[in-house]
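For reference, the structure discussed in these notes is given below.
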Amino acid sequence: MTHPTIRRALVVAAVMAAFLLAAAPASASENQIFSRLGPHTFVPNGFVREPFIQSYFRNALGIGSTQPVFVPTVTLPDSTTVLGFETSVTVAALQFEWQYAMKSWVAFRARFEVFGRLGDSSSSLLSEGITGIGTYELGWFFKLLEGERDMLSLDLYMQRSQGAFVNLMDWLTQIIEDGGLEPDNSLVRNRDSLRGIAGLSYAHAFGSLFGVGANMRAGYGEQIDRNGKNDFIYSTRLGFSFNLNDTTRIPLGVFLGLQLSNWTNTGENLAGDLAGGSIRIDYLGFDDFILGLDHSYIITPVRGIEEDVKASTTLITLRYFY
């Protein structure tokens with residue numbers, strides 16, 4: 001089978017399996033609406049995947065930017081940099097996620113994200129161009145272990161990304177290297193990637209105020225960047241949940257998260273592992289509805305840039321449990 005045929009077959013198989021299992025939905029008593037272990041109700045977040053089998057809709061909308069970085073445009077053989085300049089970009093993201101608990105131990109999950117990146121000056125438009133990427137995920141979530149204060153779940157899913165990259169600097173560089181404009185030298189470069197990913201999610205409740213969560217994912221597939229190579233990928237995230245509603249009756253929750261990863265969905269040519277953190281504040285005054293504000297900060301090493309790229313993003317998140 002050709003590569004596109006394999007992709008379509010995987011998508012069709014996942015969707016058909018979802019509808020077959022949906023014929024036997026979880027009852028209300030089987031569906032765990034609240035993310036609770038022992039005395040602690042965990043603060044819902046989109047940064048560290050929780051191990052709870054739940055039914056919900058989640059939507060997030062955000063915008064961010066990078067700090068100015070110095071980008072060398074031409075490097076001579078003696079390592080002298082010519083025509084370098086500072087640049088920064090603006091980013092925007094829109095996310096939708098749906099999870100459906102079919103039984104108390106299994107859920108089907110679908111997620112879609114649109115990401116855009118645009119240089120905020122003439123120099124950054126020249127060096128970074130314009131990027132648009134759409135990513136969707138289809139997969140299954142299985143509860144493996146559950147104790148009074150602990151839970152462990154397995155996440156298996158397929159991730160497909162499609163990106164369009166407009167980069168004037170790369171286009172001009174290729175023309176110079178080829179000695180002229182060739183038919184395959186396009187200003188707009190399209191990239192597709194397909195990945196298979198498995199992950200473990202764990203949570204432990206220390207008390208009514210505090211709980212901790214962890215998520216580890218690994219997989220194999222194409223990188224959604226300008227190289228598009230196949231590679232092994234991993235991501236590790238650790239989170240700390242503070243629920244003020246259970247202890248002080250203030251309907252607020254605070255979540256702090258840390259991450260280390262060697263892959264991204266935003267199209268950068270990584271030169272090493274990226275690291276970052278996130279802080280989230282949730283309003284917990286509703287029984288089945290969560291309103292949250294996320295702020296994340298990520299440090300990314302990028303090929304061709306000497307200093308790490310530092311980016312911050314703010315998201316408004318809505319999650320409805322049913």
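Structural remarks
- Output for the stretch 276-297, where each listed residue is under 19 Å from the mean Cα position of the chain (by Cα) and touching a residue at least 60 places away in the same chain (Cβ under 8 Å): SER278, ARG280, GLY292, ASP294, SER296
- Residues satisfying the criterion are absent from the stretch 80-90 (criterion: at pLDDT 90 or above and surrounded by 17 or more Cβ atoms within 10 Å (Cβ to Cβ)).
- Evaluated against (1) farther than 30 Å from ASP287 by Cα; (2) at pLDDT 95 or above, GLY213 falls short on exactly one condition, (1).
- Single unsatisfied condition, ARG280 versus (1) at pLDDT 90 or above; (2) among the charged types (D, E, K, R); (3) out of contact with any His (no Cβ under 8 Å at 6 or more places or on another chain): (3)
- Single condition LEU76 does not satisfy, out of (1) at pLDDT below 95; (2) closer than 30 Å to VAL254 by Cβ; (3) aliphatic (A, V, I, L, M): (2)
- Residues satisfying the stated conditions in the stretch 284-311, i.e. touching a strand residue (DSSP E or B) at 6+ places or on another chain (Cβ under 8 Å), more than 18 Å from GLY62 (Cα to Cα) and of a type outside the set (A, V, I, L, M): ASP288, PHE289, THR300, PRO301, ARG303, GLY304, GLU306, GLU307, ASP308
- If you filter the stretch 310-322 down to residues that are surrounded by fewer than 20 Cβ atoms within 10 Å (Cβ to Cβ) and of a type in the set (A, V, I, L, M), you find that the one that is nearest to ALA275 (Cα to Cα) is ILE316.
- Restricting the stretch 258-275 to residues that are under 13 Å from the mean Cα position of the chain (by Cα) and of a type outside the set (A, V, I, L, M, F, W, C) leaves a set whose member that is modelled with the highest pLDDT is GLN259.
- Extreme residue, surrounded by the most Cβ atoms within 10 Å (Cβ to Cβ), among residues of the stretch 284-309 that are farther than 23 Å from ARG237 by Cα and at pLDDT 85 or above: LEU284
- Strands (runs of 3 or more DSSP E) wholly inside the stretch 225-322 containing at least 3 residues that are touching a Lys or Arg at 6+ places or on another chain (Cβ under 8 Å) and under 21 Å from THR66 (Cβ atoms): 252-261, 289-300
- Sole exception among (1) at negative phi; (2) surrounded by fewer than 14 Cβ atoms within 10 Å (Cβ to Cβ) for GLY257, by number: (2)
The values are calculated or read from the model by the stated rules, or taken from the named source; none is laboratory data. As the structure is a computational prediction, the values presented were derived from the model and not from experiment. Backbone-built Cβ (ideal geometry, glycine too); neighbour counts: all protein chains shown.
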